[in-house]
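Working notes, beginning with the structure itself.
The values are calculated or read from the model by the stated rules, or taken from the named source; none is laboratory data. Quantities reported herein were computed from a predicted structural model and do not represent experimental measurements. Cβ atoms come from the backbone with ideal geometry, glycine included; neighbour counts cover every protein chain shown.
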Amino acid sequence: MLEALLLGALAQLSLLLSGLLASGVTVPRRIIGWLAGFGAGALVSAITFDLTEQAEALGNIPQALAPSAELSASGWSRQRLSALWATVVVACGLAAGLGYLAGSISGDTGDRMAALAAGGLLAMLTNSLMPFAFDRGGRLAGMFTVLGFALAVLPR
């Protein structure tokens, strides 16, 4: 369980790092939208292909950069952004550890957890990330969404 917790948190460190990067750099509004679109495409790929690890790692950086740049521009301090993303990293680590524990107790293969995660991602994409991307990135946000999806599924 400890290994799952640590790996779950480690997998999300890119959120914290990209959030910190965005707090130190002024990113134009349109580019924020394009990054959000790119992240949305990578997340759609993750949902489509059973939440694959490769698609999830393409999605975290633009997924954190876009809102972090907006929050930084609206006055959030670097410390406040760090606390936000550190909380997400810890929560993801705890969720991974608890998921591992639940699977080992019930013998579940994780299919139900993956379906729940996919549903949560779809809701977040529909309600926030895609509208955010279009609002800031305009029509090109759709192209960046396709680009994020395509790059996430390229063989490595």
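The set of residues in region 2-52 that are among the hydroxyl-bearing types (Ser, Thr, Tyr) and assigned to a helix (DSSP H, G or I) comprises Ser14, Ser18, Ser23, Ser45, Thr48. Quick test for you: out of Gly33, Gly39, Gly59, pick the one residue that is modelled with pLDDT under 75 and under 22 Å from Gly138 (Cβ atoms). Just a single option satisfies the conditions, and that option is Gly59.
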